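Trainee: Please find one structure pasted underneath; my questions will follow.
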Amino acid sequence: MNSLTIRGLRVEYGGCAVLSNVDEALVAGEWLCLIGPNGAGKSSLLRALAGLVNFSGDVQLGGRPLGALSNRQLARQVAFVPQEPELPADMSVTDYVMLGRNPYISTFGRESAQDRQIVADLIDELSLSVYARRLLGTLSGGERQRVVIARALAQEAPVLLLDEPTSALDLGHQQHALELVDQLRRSRNLIVVSAMHDLTLAGLYSDRLLLLHQGVGVARGTARQVLRSETLAEFYGVSARVIHEDDGTVVVVPQRSNGEY
Amino acid sequence: MKFSRLVGIAGLFLLAASLVACSESSGESVATDTTNAVAAETTIVEGFPVTVGDLTLESKPQRIISMSATATEMLFAIGAGDRVIAVDNFSNFPEETASLEKLDAYQPNVEAISELDPDLVIISYDPGNLVEQLTTLSVPVFTAGAVADLAGAYEQIEQLGALTGQLAEAVQVSSTMRSEIDAIAASITKADPPLTYFYELDPTPYTVTSNTFIGGVMAVLGLANIADGVEEGNDYPQLSAEVIMEKDPDIIFLADTKCCAQSAETVAARDGWAGLTAVTSGSIVALDDDIASRWGPRLVDLVRTVAEAITSVLAKS
Amino acid sequence: MTTPTVFAASRGSRAIWWVLGAVSVVVVGLLGLTLGPAGPTWWRVPLAVLDRLPLVSIDSGVTDAQWNIVWQIRAPRVVLAALVGAMLSLAGASYQGVFRNPLVDPYLLGVAAGAGLGATVAFAVNRDATATWPIDPVPLAAFVGGVIAVALTYTIGTAFGRSRSATTLVLAGVAVTSLATAVQTFVLQRNNDVVRQVYSWILGRLTSATWGDVRLVLPYIAVSAVILLMYRRVIDVMRVGDDEARTLGVNVNLVRIVVVLAATLGTSAAVAVSGLIGFVGIIVPHAVRLLMGSSNRIVLPLSMFVGAAFLIAADIPGRILTSPSETPIGIVTAFFGAPFFLFLLRMREVRQ
């Protein structure tokens, strides 16, 4: 069973600490959602785990330190879906998803029949069969999101990182995308770490939340525990009403202050 | 007459005769003895096969191509002009060249050259592999490069004479050149301190130092170049107008009369130049661009023009 | 680049382009051997070529002297044009891949300016001292100059902290190019008499091609081409940008260095013998992309074929139209370049 443990994670940009003393522990199948205002360090945390920025501290996956892995090895362990993925307009869907197999193809080699099978299966599973040979530039927002997730899954990594996966999508597609991720993490036992702006959705889909403020984790726990109006007022500076539904959903509703400023 | 005197005269006669006979049978023409620039390997003899430098010709060439304006002038002067079938597009003297086919010396088309089926090609500049390519096609090539001094020019005429089977005529031409130039040089009064000159290659103005061929000729005629020592290591410096003003040369030679339409009037009209001694005393000499840039038989005309300028300047002062 | 089609071409229809590419090189090559201002009548040449094949004997009516023209003068030109055209196109396509910009050319990081400076210095000092050398110093100096310039660009580009982005490299290349050009101009000022030779070299020419030149560049171009082709799948992965490529397991900085070095090696060698032939490195990969899409797996090798055929073809008018003079090949490619870019401009306007 894979587990992701983070101890004392610290990220610095030009002498300034954008993340300090972050501790977390995740097991396979768990979904942690990072929330917090802009500049809190959510993206930095994800990028550190993805190997895109240098960090100090101890991060281990299944007992092996992530920092010691090469690019290729890390790519087999951690799949990263950025906020605005680059989708070359005239690349086909199949070729794009095949990029996810890169960590398994030798530098000067070609993809194998097995690689092609894995990609074909993924395309089926994510209902992209119709688009298999379509060029990326002709797809809509929702389809593009599925394609990027397919690419990430092709890496067959136990950890899936998502940076603002829903910000470019309409309501319907947001739901579809998150449902898809949820379904996949259960069927494949993935560890999912996502950063999200929408607090309600964050609470709805993830198992736990981590609220970051100025690079430090200031609240952690379930949606009920973290999403409280005092907490939100303190760290987001927002005036909001928190509603607890019967089925356990926590809904955050921003409030108009009645003409008083 | 006393018998002893007869014997003495006969003996002297015999000595003289044997000396003459010896020098004749060595096969070396008189002219080559005085050209001490001749390299040891070049044996300039009459008749074929002949070897000049790296090139050996088996028989007298009948289809000659000249890719050098200077070589063209030399060829016609030594009597090989009737066998010249093509020249380069700068060859404009003598008149007979007007009707000849023109080739490009800087971007030569090797195939076109070989199609003319020449048995001797003379170039002064290899733009890249031309000699190698022509040699591959078994076309004899001779490089008559730019010479460093007058001696080199005389030698080159004789080399061309040997290659074209016109050696006697070539020797004649070069020795006539030499004696005329020597005579003109001797007839000039060498001033002390020497007269100074500025030699203009183009209006920007680019000039030459005494280290060049034309500079060397001027030095032989007793002139001092104002551009010497101005820019170390550069024999074709671009002088600033200030330097020229400061040095105030006695004579200004214009070698850009044809290319760039310069004349005594245009020079006088330049800002600040009107005050120069050479301008006010009318000592601006307009040279023919072509004559000034070639080292062929018309050198004599150039030397004569320069000498006249020197004489007239000395007369004024 | 906007998409010309909705679907990617299937594997089968792609195969035909390889065949077309190879065939076009052979056909144009034969044309290059056949056409010229001198030599045997045109239809005799293919016969003479066939005659030279083992086991084949045809009376082509071509004399030895004429065959010499075909084999010693034209053939090295055609082969060199093919090598240089293929190399410049491949280098251009590779640079466009690792810098993710379809408008960069193989001279981007200072190769052209460095090679030009090297050649200028060689011409300036190539007097009596070096005239007796067994090798021509100009190509050697051009090659060394090109490599040094790119090395300098890389050193400068990576010296400024962690920002090892493509943009930094390009800027460093601009700086090195300016410096090299300035020094070159200075050297020319001091050595006025070689201006003509340098100018002629810069325009690019295949006129003086000999088999010796071919032997000289072949190893460099071969090594360079093999390395670049080996990396073409990885260059494709880099199409999603540096960050994403890293998360997919690509060592982006290493790949970029290797591609730049390999491309520089081949380009410098090509420039050393043929001068600065422009436009080939941009036009050819672009044209291939327009037809076949932007997948570098296809664009890189196909660009080699098309580039070879293109340059062989471009060399032909230069030696025929202005005979008995030659038009430098750089002028011919420029003539193609201008309308091509206008065409590109128009296409963009139409799309938008």
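All of the numbers you see were taken from the coordinates with simple rules; none came from a lab. Since this is a predicted model, take the numbers as computed values, not measurements. So basically every Cβ, Gly included, is an ideal-geometry build from the backbone, and we count neighbours across all protein chains shown.
Trainee: What nm distance separates the two modelled labels at residue C:42 and residue B:277, each placed 7 Å from Cα along Cα→Cβ?
Mentor: According to this spin-label approximation, the distance is 6.8 nm.
Trainee: How high is the FRET efficiency between residue B:135 and residue C:20 when r is their beta carbon distance and R₀ equals 51 Å, given to the nearest 0.05?
Mentor: Working: r = 40 Å, r/R0 = 0.78.
Efficiency, from the Cβ-Cβ distance: 0.80.
Trainee: So, R0 is 22 Å and r is the distance between the beta-carbons of residue A:168 and residue C:243; what FRET efficiency does that work out to, to 0.05?
Mentor: Working: r = 18 Å, r/R0 = 0.80.
That pair, residue A:168 with residue C:243, gives E of 0.80.
Trainee: Let me ask something else. So what is the 222 nm mean residue ellipticity for the protein assembly as shown from helices alone, if each DSSP H run of at least 4 adds -39500 (n - 2.57) and you divide by all residues, rounding to the nearest 500 deg cm²/dmol?
Mentor: Values: 38 runs with 474 residues, N = 930.
The helix-only estimate for the protein assembly as shown comes to -16000 deg cm²/dmol at 222 nm.
Trainee: Next question. Whole-Hz Karplus ³J(HN,Hα) for the range A:223-236, in order, using 6.51 cos²θ - 1.76 cosθ + 1.60 and θ = phi - 60°, x for Gly and Pro?
Mentor: Residue by residue, the range A:223-236 yields 4, 4, 6, 8, 8, 10, 5, 5, 4, 5, 5, 5, 9, 9 Hz.
Trainee: Report, as an integer, the average count of C-beta atoms from other chains found within 10 Å of each Cβ along B:61-69.
Mentor: Values: counts 0, 0, 0, 0, 0, 0, 0, 0, 0.
The mean count of partner-chain Cβ atoms within 10 Å per residue comes to 0.
Trainee: Mind giving me the nanometre distance, one decimal, between the label points for residue A:257 and residue A:110, set 7 Å out from Cα along Cα→Cβ?
Mentor: In this crude spin-label approximation the distance works out to 6.6 nm.
Trainee: Still on this model: Classify the range B:188-316 as rounded, prolate or oblate from the Cα gyration tensor: take a ≥ b ≥ c as the square roots of its eigenvalues, call it rounded if a/c is under 1.5, otherwise prolate when a/b beats b/c and oblate if not.
Mentor: Details: a/c = 1.17, a/b = 1.11, b/c = 1.06.
Taking the square roots of the gyration eigenvalues as a ≥ b ≥ c, the range B:188-316 is rounded.
Trainee: Using θ = phi - 60° and the Karplus curve 6.51 cos²θ - 1.76 cosθ + 1.60, what whole-Hz ³J(HN,Hα) does each residue of the range C:298-307 get, with Gly and Pro shown as x?
Mentor: Values per residue, Gly and Pro as x: 9, 4, 4, x, 5, 4, 4, 4, 5, x Hz.
Trainee: Now for a different question. Quick one: Debye curve from the alpha-carbon atoms of the range C:278-352 only, equal weights, vacuum; give me log10 I(q)/I(0) at q = 0.15, 0.18, 0.19, 0.22 Å⁻¹ to two decimals.
Mentor: Listed by q, the Debye log ratios stand at -0.59, -0.77, -0.83, -0.99.
Trainee: Under 29 Å between alpha carbons: how many lysine pairs meet that in the protein assembly as shown, if sequence neighbours fewer than 8 apart on the same chain are excluded? Provide the component values of the computation, followed by the final result.
Mentor: Working: B:60/B:102; B:102/B:258; B:190/B:247; B:190/B:316; B:247/B:258; B:247/B:316; B:258/B:316.
Taking the Cα cut-off of 29 Å, the pair count is 7.
Trainee: Quick one: 3J(HN,Hα) in Hz for the range B:155-169, Karplus 6.51/-1.76/1.60 with θ = phi - 60°, rounded, Gly and Pro as x.
Mentor: Along the range B:155-169, the couplings run 4, 5, 4, 5, 4, 5, x, 5, 5, 9, x, 10, 4, 4, 4 Hz.
Trainee: Still on this structure, please answer the following. Determine, from the Cβ-Cβ distance of residue C:52 and residue C:223 and an R0 of 22 Å, the FRET efficiency 1/(1 + (r/R0)^6), rounded to the nearest 0.05. If you can, show how the numbers build up before the last one.
Mentor: Working: r = 29 Å, r/R0 = 1.33.
E(calc), rounded to 0.05, equals 0.15.
Trainee: Report the far tail of the P(r) of chain B, meaning the percent of Cα-Cα pairs longer than 38 Å. Working shown, then result.
Mentor: Numbers: 13730 of 50086 pairs.
Cα-Cα pairs in chain B separated by more than 38 Å: 27 percent.
Trainee: Taking amide H atoms as placed 1.01 Å from N in the peptide plane, list the residues 5 or more away in sequence, or in a different chain, whose amide H sits under 5 Å from that of residue A:3.
Mentor: A:62, A:63
Trainee: Semi-axes of the range A:119-165's equivalent ellipsoid from the Cα gyration tensor, sqrt of 5 times each eigenvalue, largest first, rounded to whole Å? Mind dumping the intermediate values first?
Mentor: Values: eigenvalues 67, 40, 11 Å².
They are 18, 14, 7 Å, listed from largest to smallest.
Trainee: Related question: For residue A:31, which sequence-distant residues (separation of 5 or more, or a different chain) have an amide H within less than 5 Å of its own amide H, given hydrogens modelled in the peptide plane?
Mentor: A:192, A:207, A:208
Trainee: A further question follows. Taking neighbour counts of Cβ atoms within 10 Å as a proxy for exposure, in what order, fewest first, do B:260, A:16, A:33 appear? Provide the component values of the computation, followed by the final result.
Mentor: On the way: B:260 15, A:16 8, A:33 26.
Fewest-to-most ranking of B:260, A:16, A:33: A:16, B:260, A:33.
Trainee: Continuing with this model, one more query. List the pair-distance distribution P(r) of chain A, using every Cα-Cα distance, as the percent of pairs falling in each 10 Å bin from 0 up to the bin containing the longest distance, rounded to whole percents.
Mentor: Going from the shortest bin to the longest, the percentages are 7, 29, 34, 22, 7, 1, 0.
Trainee: Check residue B:198: other-chain or 5+ apart residues with amide H under 5 Å from its amide H, H built from backbone geometry?
Mentor: Residues meeting the amide H criterion: B:251, B:252, B:253.
Trainee: According to the Kirkwood expression over distinct Cα-Cα pairs, how big is the hydrodynamic radius of chain C, in Å?
Mentor: Details: mean 1/r = 0.0468 Å⁻¹.
Every distinct Cα pair counted, the radius reaches 21.4 Å.
Trainee: Cα extents of the protein assembly as shown along the three principal axes, largest first, in whole Å?
Mentor: 161, 78, 55
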